[in-house]
Amino acid sequence: MLTLYSTEGCHLCEMAFELTEQLNISHQVEVIDIAFDDALFSRYGVTIPVLKFQESELNWPFGLQELNDWLNNNGITDNT
């Protein structure tokens with residue numbers, strides 16, 4: 001399962017989620033709103049959106065190719 005750290009009204013977060021839809025992996029993404037957790041807000045408040053898988057994080061900005069490469073490097077998918 002991938003985690004997308006996000007918050008309501010974040011257009012960059014929406015763009016990041018759209019990239020996961022383009023790679024047909026959005027069903028593997030759990031969106032976490034950082035606004036309701038002080039620790040998450042402190043950590044990700046100025047860097048969202050951030051995708052996380054285990055201990056690996058992909059920070060914005062990233063495009064489709066960078067996301068695909070990161071997924072492949074983490075053994076998540078082999079999209080081309």
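An ellipsoid equivalent to the chain, defined through the eigenvalues of its Cα gyration tensor, has semi-axes of 21, 13, 11 Å when rounded to whole angstrom and sorted largest first. Annotation for the chain: GluC sites (Glu not before Pro) lying in DSSP loop with at most 11 further Cβ atoms inside 10 Å of their Cβ are Glu8, Glu55. Summing charges over neighbours of Thr3, with a neighbour being any other residue whose Cβ is under 11 Å away from its Cβ, gives -1 when K and R count +1 and D and E count -1. DSSP assigns beta bridges within the chain; of those with both partners inside it, close to 60 percent run antiparallel. Helices in the chain, meaning DSSP H runs of at least 4 residues, each add -39500 (n - 2.57). Divided by all residues, the mean residue ellipticity at 222 nm is -10500 deg cm²/dmol. Taking the chain as the reference, fit the longest principal axis to its C-alpha atoms, fit the long axis of helix 11-22 to the helix C-alpha atoms, and give the angle between the two in degrees, 0 to 90, nearest 10. Once rounded, the angle reads 30 degrees. Placing +1 on the Cβ of every Lys and Arg and -1 on the Cβ of every Asp and Glu, with no other charges, gives segment 1-66 a dipole of roughly 120 debye about its Cα centre. Between helix 64-73 and the chain there is an angle of about 80 degrees, using the helix long axis and the longest principal axis of the Cα atoms.
Read-outs throughout are calculated quantities, based only on the coordinates presented, and are distinct from any laboratory measurement. The shown structure was predicted, so the numbers you read here are calculated from the model rather than taken from an experiment. Ideal geometry is used to build each Cβ from the backbone, glycine not excepted, and the neighbour counts take in all protein chains shown.
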